[in-house]
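Computed from the coordinates by the stated procedures, all read-outs in this text should not be read as laboratory data. Since the structure is predicted, the reported quantities are computational estimates derived from the model, not experimental observations. Here Cβ is always computed from backbone atoms with ideal geometry, including for glycine, and neighbour counts include all displayed protein chains.
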Amino acid sequence: MHDSSSKRRKVRRSIGSTIMRSASVLAQTFRDCEEKKEKRHQEVMELEQRRLQIEERRNEVNSQGMTRLVAAMTNLSGAIQSLISASHDNANM
């Protein structure tokens, strides 16, 4: 009877120990998973920030291009007006 009781205690201890190890492994796996998820989230946020910076820079370049185009057209218009004016002045002489 004593041996049977002793065996049951050993089996219970063994089962308890196995459960504790399994719980520890599960907890560590969960922590690792959460850390990886947080890291992926951080990477996604960094990529989004970079995308926004690139888009902002592209808009700035496009705006500068339009400003330069308007200035060039204004200069061309002024040159054409001067040419027309000079042409009329020469015709009136």
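In plain terms, the bigger the Kirkwood radius, the slower the diffusion; for the range 33-73, with that radius from Cα pairs, at 10 °C and 1.306 mPa s, Stokes-Einstein puts D at 128 µm²/s. Working from Cα positions, state the angle (0 to 90°, nearest 10) between the long axis of helix 2-92 and the longest principal axis of the chain. Rounded to the nearest ten degrees, it is 0. The residues neighbouring residue 31, those whose beta-carbon lies less than 12 Å from its own, together hold a net charge of -2 under the Lys/Arg +1, Asp/Glu -1 convention. Note on the chain: percent of Cα-Cα distances in each 5 Å bin, starting at 0 and stopping at the bin with the largest distance, equals 2, 10, 6, 8, 6, 6, 6, 5, 6, 4, 4, 5, 4, 4, 4, 3, 3, 3, 2, 2, 2, 2, 1, 1, 1, 1, 0, 0. Between residue 74 and residue 48, the FRET efficiency estimated from the beta carbon spacing at R0 = 41 angstrom works out to 0.55. Dividing the summed helix terms, -39500 (n - 2.57) for each DSSP H run of n ≥ 4, by the number of residues in the chain produces a 222 nm estimate of -37500 deg cm²/dmol to the nearest 500. Between residue 92 and residue 66, the C-beta separation translates, for a Förster distance of 41 Å, into a calculated FRET efficiency of about 0.60.
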